[in-house]
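Worksheet for the structure shown next.
The values are calculated or read from the model by the stated rules, or taken from the named source; none is laboratory data. Keep in mind the model is a prediction, meaning the values are calculated, not measured. Cβ: placed from backbone, ideal geometry, glycine included. Neighbour counts: every protein chain shown.
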Amino acid sequence: MTASDARRLLVPVDDSVTLRNTVAYVVAEAETAATDGPVELHFVDVATTRSVDPDAPEELSEATELLERVEVWVEEDLGEDPPTGISVETAVLGADRYLFSPGDYAEAILDYAADVGADRIVLDPEYSPGGATPMLRPLQLELTRDDIAVEEAPVERRTEATVLGRAASLPKYLTVFGASYLFYMLLSAWKPLDFLTGFFTATLVAVLLAPVAFSQQPSVFRVGKQLARMAVFVPYLLKEIAVANLQIAYVVLHPSLPIDPKIVELRAAVWGDAPVTTLANSITLTPGTLTVDVTDRAFDIHSLTAGSREDLFAGGLERAVRFVFYGREAAAIASPRERGDDGEGQDG
């Protein structure tokens with residue numbers, strides 16, 4: 001690596017089993033390059049939908065703590081007599097925008113790289129800012145669209161660091177066990193044997209699914225708020241279903257059968273498995289619209305009438321789902337039509 005390549009290194013960080021080794025590699029490269037001139041190390045934590053998440057302060061605190069930990073590691077690796085010319089900068093990116101796909105994350109990273117004049121990006125081989133879903137390969141492809149060198153830190157992956165090993169934690173086990181046990185008992189006759197078989201069944205489910213059931217640590221406080229907001233959402237959804245039923249009944253009974261079927265794409269401002277699934281199923285439950293496919297945040301929806309499309313892009317259901325999972329602030333985000341999504345689609 002030449003000195004010019006190493007003058008400004010940008011290192012996106014996320015809590016992973018290889019992050020410590022990646023930091024050590026970057027510091028070693030900086031020490032080598034520092035013999036020819038000043039070196040700036042930029043460590044950045046890319047935010048995950050923090051701009052509209054009411055739990056953003058908690059997540060931003062975690063990001064700040066991780067970056068502080070990285071700074072401590074850099075100091076350790078530089079030793080008591082660090083070479084001159086090496087400086088460290090940290091930042092949290094993406095808190096002012098909505099991030100979902102690898103392209104969104106790449107754009108945030110490249111914007112920062114352009115701002116600071118970074119000429120090389122070093123990626124942790126286990127880097128995955130979106131949660132448990134692997135993102136490194138598609139992110140690398142997205143980053144190469146700009147004129148900047150991108151490399152993967154040549155550090156060893158711990159062979160035991162599988163998805164199960166990385167993701168498992170006591171809160172996840174307890175949450176999955178409790179939910180599974182409660183569901184089992186709701187379907188049982190509450191006999192003594194049911195309590196025993198329910199315990200073993202819930203334990204098995206927790207062992208198998210807890211490591212991959214969440215992209216972040218479960219929070220009793222957060223889940224409690226979401227359940228309370230869900231109690232408000234359900235009556236709203238039932239009202240929307242009833243209104244849509246009346247609209248479809250009118251269309252069916254009208255002599256001219258005024259239907260205009262089309263498949264449209266809705267780019268919804270929701271993220272995460274549970275919110276996306278909730279919105280997709282809510283759209284399907286509402287007569288006149290059917291969720292056909294979901295890719296990232298793009299929903300392919302079959303709509304039967306122009307009125308159903310109008311309601312869809314007015315954003316009522318989307319706002320309601322955001323309210324359930326992210327709170328009142330997220331509900332105030334512009335509707336799809338206000339964001340410029342006109343809902344044009346294919347005839348169906």
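Scanning segment 277-295 for residues that are within 21 Å of Glu329 (Cα to Cα) and either of a type in the set (A, V, I, L, M) or not in a helix (DSSP H, G or I) (or both) turns up just one, Leu279.
Of Gly272, Gly288, which residue is on the phi > 0 side of the Ramachandran plot, at pLDDT 90 or above and of a type outside the set (Asp, Glu)? Step through it out loud before you land on a result.
Numbers: Gly272 fails: at pLDDT 90 or above.
Result: Gly288 is the single residue among Gly272, Gly288 that is on the phi > 0 side of the Ramachandran plot, at pLDDT 90 or above and of a type outside the set (Asp, Glu).
Applying a threshold of 7 Å to beta carbon distances and a minimum spacing of six or more residues, or different chains, the list of pairs starting in segment 228-257 at a residue that is outside any helix (DSSP H, G or I) and ending at one that is surrounded by 10 or more Cβ atoms within 10 Å (Cβ to Cβ) reads Leu257/Val251.
Out of curiosity, is Thr64 within 31 Å of the chain's Cα centre (by Cα) and at pLDDT below 85?
Yes; evaluated as a whole, the condition is true for this residue.
Among residues belonging to segment 198-227 that are in a helix (DSSP H, G or I) and among the polar types (S, T, N, Q), point out the one that is modelled with the lowest pLDDT. Restricting to residues being in a helix (DSSP H, G or I) and among the polar types (S, T, N, Q), the top hit is Gln226. Among the candidates Ala30, Ala113, the residue that is buried (at least 16 other Cβ atoms within 10 Å of the Cβ), at pLDDT 85 or above, assigned to a helix (DSSP H, G or I) and in contact with a Pro (Cβ under 9 Å, 6 or more places away or on another chain) is uniquely Ala30. Give me the residue from segment 73-104 that is hydrophobic (A, V, I, L, M, F, W, C) and at pLDDT below 80 and, out of that set, farthest from Pro38 (Cα to Cα). Filtering segment 73-104 for residues that are hydrophobic (A, V, I, L, M, F, W, C) and at pLDDT below 80, the one farthest from Pro38 (Cα to Cα) comes out as Phe100.
Does Ala274 count as more than 19 Å from Leu99 (Cα to Cα), small (Gly, Ala, Ser) and assigned to a helix (DSSP H, G or I)? Let's see the steps before the verdict.
Numbers: more than 19 Å from Leu99 (Cα to Cα): no; small (Gly, Ala, Ser): yes; assigned to a helix (DSSP H, G or I): yes.
Criteria not met by Ala274.
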